[in-house]
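Below is one structure, written out as structure tokens; comments come after it.
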Amino acid sequence: MYRRDGYRIKPVEPMYTIAPYIMDKRYDASNSVTEEIDYEIIRDYTRECRHKGIAMSHMAVIIAAYLRVVSQNPYLNRFVVNKRIYSRNHFCVTFVTLKKDDSTTIKVYFNLDDDIFTVNDKINHAVENVKEKGESTSMDWIAGLLLKIPGLLSLGVSVLKFIDKHFWLPFILCDASPFHTSLFITNLASIRTEAIYHHIYEFGTTSIFCAMGLPKDKVIKNHSGEFDEHKFMELGIVTDERIADGHYFGRCFREFNRYLKNPSLLEKKPVSVVKDTDIKSNNPKFIVK
């Protein structure tokens, strides 16, 4: 079945084909894991960047590390709709940011070979447009339209859910929807809240949700056998287990941590990008490079 945001994958492994029928809802297929990352390494790296005149954020480092893992592990960019497995023909990340008077969601598109500086520039540009210039996102426009007419919101959302499940949403709606994304990430540390396991939405195509928590002090043993106090940040990650098995996710999380322990590895583009089975792209907006 053709969709504007991806192409159907017919897995060789029978379990991948059967799993969406056994677990036909994302909340039924959700697995939760906590990843502890060394906050001080990321903090020191962002400070080094700022000394060089680069306004690097912690979120940019985490997104760049995840993007690099996806560039070598394409199953992470899959999603399930109506018991069918699809591979995205793009990569994007949704997150919440503050506007002048309220908050909104932003969706940023990346190429799979983007380095950490490109990732940071795209994020900063998107946030600046919304936060400082006060620009509205596509989601703000659609939400405002649905709220103008009494009763239209309930009917409109029901129609969108039906079309997305049984057919496909037009490009403009996929592009505007924060729920049609490769990764949904939220920075709870910015509101001084610990990491949580956030649900992954049944509507849309989100297969991975990551919540960044408030950094905590932890006592660890150093190389000389002595104990030091160190700051760590917890990431509450919820995944859709229908897109990959535990071994695949485990390997990906180990790679993810390796990049976060040495963010300078992300300063160069990957040597190559591993593409999913029969990946295609007809829409110029949605391109996997």
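The values are calculated or read from the model by the stated rules, or taken from the named source; none is laboratory data. Only a predicted model underlies this, so the values are computations on that prediction, with no experimental measurement involved. Cβ atoms come from the backbone with ideal geometry, glycine included; neighbour counts cover every protein chain shown. These area figures cover heavy atoms from the full protein model, side chains too; ligands, DNA and RNA do not enter into them. Shrake-Rupley method; radii C 1.70, N 1.55, O 1.52, S 1.80 Å.
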- Query: If we scan region 125-139, do we find a residue that is at pLDDT 90 or above, among the charged types (D, E, K, R) and open to solvent by 50 Å² or more (accessible area, probe 1.4 Å)?
  - Reply: no
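Does residue 29 satisfy the criteria of being in contact (Cβ under 8 Å) with a residue 60 or more places away in the chain, surrounded by fewer than 22 Cβ atoms within 10 Å (Cβ to Cβ), among the small types (Gly, Ala, Ser) and more than 22 Å from residue 182 (Cα to Cα)?
Spelling it out, it is not the case that residue 29 is in contact (Cβ under 8 Å) with a residue 60 or more places away in the chain, surrounded by fewer than 22 Cβ atoms within 10 Å (Cβ to Cβ), among the small types (Gly, Ala, Ser) and more than 22 Å from residue 182 (Cα to Cα).
Every residue, every condition in (1) among the polar types (S, T, N, Q); (2) more than 18 Å from residue 187 (Cβ to Cβ); (3) in contact with a Gly (Cβ under 8 Å, 6 or more places away or on another chain), yes or no:
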| residue | (1), (2), (3) |
| --- | --- |
| 49 | no, no, no |
| 54 | no, yes, no |
| 63 | no, no, no |
| 76 | no, yes, no |
| 105 | yes, no, no |
| 114 | no, yes, no |
| 118 | yes, yes, no |
| 121 | no, yes, no |
- Can you tell me which residue in region 254-273 is most open to solvent (accessible area, probe 1.4 Å), limited to those that are outside any helix (DSSP H, G or I) and in contact with a Lys or Arg (Cβ under 8 Å, 6 or more places away or on another chain)? 273
- Message: Taking the conditions exactly as written (assigned to a strand (DSSP E or B) and open to solvent by 40 Å² or more (accessible area, probe 1.4 Å)), does residue 96 satisfy them or not?
- Response: yes
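Just wondering, is there one or more residues in region 64-76 that are more than 28 Å from residue 234 (Cα to Cα) and small (Gly, Ala, Ser)?
Among the residues of region 64-76, not one is more than 28 Å from residue 234 (Cα to Cα) and small (Gly, Ala, Ser), which makes the answer no.
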- For residue 59, are the conditions met, namely being part of a helix (DSSP H, G or I) and within 16 Å of the chain's Cα centre (by Cα)? yes
- Note on the structure: Residues in region 71-93 that are of a type in the set (Ser, Thr, Tyr) and either in a helix (DSSP H, G or I) or open to solvent by 10 Å² or more (accessible area, probe 1.4 Å) (or both) total 2
- Query: For region 205-244, what are the residues that are modelled with pLDDT of 90 or more and assigned to a loop (DSSP other than H, G, I, E, B)?
  - Reply: 205, 206, 207, 213, 214, 215, 241, 242, 243, 244
- Message: Restricting to region 39-70, count the residues that are of a type in the set (Phe, Trp, Tyr) and open to solvent by 40 Å² or more (accessible area, probe 1.4 Å).
- Response: 1
- Task: Can you tell me which residue among 105, 118, 97, 46 is closer than 14 Å to residue 260 by Cα and polar (S, T, N, Q)?
- Result: 46
- Task: Residue by residue through region 164-204, note down the ones that are within 19 Å of residue 239 (Cα to Cα) and not in a loop (DSSP other than H, G, I, E, B).
- Result: 183, 184, 185, 186, 187, 188
- Output the qualifying pairs, or none if there are none: Cβ atoms under 6 angstrom, residues six or more apart or on different chains, first residue in region 45-62 and within 14 Å of residue 115 (Cα to Cα) and at pLDDT 95 or above, second residue open to solvent by less than 40 Å² (accessible area, probe 1.4 Å) and assigned to a helix (DSSP H, G or I). 56/46; 56/49; 56/120; 60/119; 60/120; 60/123; 61/42; 61/263
